[in-house]
Amino acid sequence: MKRVIDGEAAASLMEPLTALVVKAGEAILGINRAAMQIEGKPDGSPVTEADLAADRIIGEGLARLAPDVPTISEERAQLAASSFRDCYFLIDPLDGTKEFVAGRDDFTVNVAIVTDGVPLLGIVAAPALGLIWRGVAGRGAERLRIGSTAIGAAEPIHTRTMPKPGEPWIVTVSRSHPDPKSEAFIAGLPSAVRRAQGSAVKFGRIAEGTADVYPRLGPTSEWDIAAGCAVITAAGGKVTDSQGNNIRFGEGREGCIVPEFIAWGDPRAVRCY
């Protein structure tokens with residue numbers, strides 16, 4: 001029988017999952033970027049020994065913590081079933097590999113629990129920035145600071161209300177994946193201020209209330225956004241498509257592709273474009 005993880009069960013897994021994500025982040029930081037091996041995937045994106053090391057740590061850890069719950073990882077996606085209707089882990093062991101290869105710090109380790117097509121728990125860790133954003137939908141979100149020897153105390157976070165007329169919108173945008181539709185969306189916002197960043201850090205900034213919206217009106221993968229979606233939802237925000245509909249996960253889309261999404265800090269700001 002497959003295990004079903006509800007909010008209470010997800011909350012009970014938060015601490016061991018956080019420890020696992022921290023361990024994966026430490027492995028990534030231990031890789032010498034100047035000398036590491038870099039290979040190309042069929043889609044042209046890079047994969048490094050850091051991606052594989054983090055994936056191995058998380059995969060082995062999840063097998064111990066919840067052996068009866070299936071896992072989809074970016075690095076093992078070809079081994080996954082085409083769809084999941086119940087509950088599963090969805091992970092990106094190193095989100096923002098291009099940023100990592102370029103020597104930047106805005107890359108993340110993402111772990112999510114998806115139940116009935118909806119991200120329930122999310123952990124987004126930015127090891128080089130010393131930050132973790134995490135949350136369980138309906139139970140609130142937190143930010144933690146990662147030190148060299150310990151994890152700091154959890155600080156509750158919440159998305160902020162939408163800007164008032166005349167105030168600028170702070171928009172987090174992808175540094176590596178710009179697209180015309182997203183730019184057109186941003187152009188329609190009053191006095192938009194762009195903040196280009198890599199990886200799921202963008203979700204964390206909205207969840208903590210330092211940005212208002214993150215549009216990605218081009219294709220991305222489910223493992224790139226599931227953890228961030230859960231954190232934003234837990235923090236009081238909402239993630240939709242361009243028509244205001246909720247994003248569904250694990251429904252068998254080819255390549256686990258999400259055609260588009262908009263992450264909103266204030267759900268009242270959801271508009272149709």
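How do the pairs read when you match residues in the range 49-72 that are assigned to a helix (DSSP H, G or I) with residues anywhere that are among the basic types (Lys, Arg), using Cβ under 9 Å and keeping only pairs 6 or more apart or on different chains?
Ala50/Arg33; Ala54/Lys23; Asp55/Arg76; Ile57/Lys23; Ile58/Lys23; Gly59/Arg76; Gly61/Lys23
Here is a yes/no grid of residues against (1) within 19 Å of the chain's Cα centre (by Cα); (2) more than 29 Å from Pro156 (Cα to Cα):
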residue: Leu189; (1), (2): no, no
residue: Val193; (1), (2): no, no
residue: Ser221; (1), (2): yes, no
residue: Gly228; (1), (2): yes, no
residue: Gly236; (1), (2): yes, no
residue: Gly244; (1), (2): no, no
residue: Cys256; (1), (2): yes, yes
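Name every residue in the range 219-240 that is in a loop (DSSP other than H, G, I, E, B) and either surrounded by 17 or more Cβ atoms within 10 Å (Cβ to Cβ) or among the small types (Gly, Ala, Ser) (or both), in order of residue number.
Ala235, Gly236, Gly237
I'd like the full set of residues that are assigned to a helix (DSSP H, G or I), under 17 Å from Gly135 (Cβ atoms) and among the acidic types (Asp, Glu), limited to the range 1-39.
Residues satisfying the conditions are Glu8, Glu15.
Cβ-Cβ below 8 Å, separation at least six or inter-chain, first residue in the range 223-250 and more than 10 Å from Pro119 (Cβ to Cβ), second hydrophobic (A, V, I, L, M, F, W, C) and assigned to a helix (DSSP H, G or I): which pairs?
These pairs meet every condition: Trp223/Ala77; Trp223/Cys256; Ala235/Ile206; Ala235/Ala207; Gly237/Ile206; Gly237/Ala207; Lys238/Ile232; Ser242/Phe185.
Within the range 130-139, is even one residue without any contact (Cβ under 8 Å) to a residue 40 or more places away in the chain and in contact with a helix residue (DSSP H, G or I) (Cβ under 8 Å, 6 or more places away or on another chain)?
No.
Restricting to the range 139-153, what's the tally of residues that are assigned to a loop (DSSP other than H, G, I, E, B) and touching a Pro at 6+ places or on another chain (Cβ under 8 Å)? Working first, answer last.
Step one: of the range 139-153, the residues assigned to a loop (DSSP other than H, G, I, E, B) are 139-140, 147-150, 152-153.
Imposing the further condition that a residue be touching a Pro at 6+ places or on another chain (Cβ under 8 Å) reduces the set to 140.
Qualifying residue count for the region: 1.
Taking the range 111-130 as the search range and keeping residues that are of a type outside the set (Gly, Ala, Ser) and in contact with a Leu (Cβ under 8 Å, 6 or more places away or on another chain), which one is nearest to Ala207 (Cα to Cα)?
Ile123
Taking Met14 as the residue in question, decide whether it is at pLDDT below 85, out of contact with any His (no Cβ under 6 Å at 6 or more places or on another chain) and either surrounded by fewer than 20 Cβ atoms within 10 Å (Cβ to Cβ) or within 16 Å of Gly96 (Cβ to Cβ) (or both).
It is false that Met14 is at pLDDT below 85, out of contact with any His (no Cβ under 6 Å at 6 or more places or on another chain) and either surrounded by fewer than 20 Cβ atoms within 10 Å (Cβ to Cβ) or within 16 Å of Gly96 (Cβ to Cβ) (or both).
Just give me the residues in the range 154-195 being hydrophobic (A, V, I, L, M, F, W, C), part of a helix (DSSP H, G or I) and surrounded by 14 or more Cβ atoms within 10 Å (Cβ to Cβ), in sequence order.
Phe185, Ile186 - these are the residues of the range 154-195 that are hydrophobic (A, V, I, L, M, F, W, C), part of a helix (DSSP H, G or I) and surrounded by 14 or more Cβ atoms within 10 Å (Cβ to Cβ).
Report, by residue number, each residue of the range 241-269 that is over 18 Å from Ala196 (Cα atoms), of a type in the set (A, V, I, L, M) and surrounded by 17 or more Cβ atoms within 10 Å (Cβ to Cβ).
Correct list: Ile247, Val258, Ala269.
The values are calculated or read from the model by the stated rules, or taken from the named source; none is laboratory data. It should be emphasised that the depicted structure is a prediction, and the values quoted were computed from it without experimental measurement. Note that each Cβ is placed from the backbone with ideal geometry, even for glycine, and that neighbours are counted across all protein chains shown.
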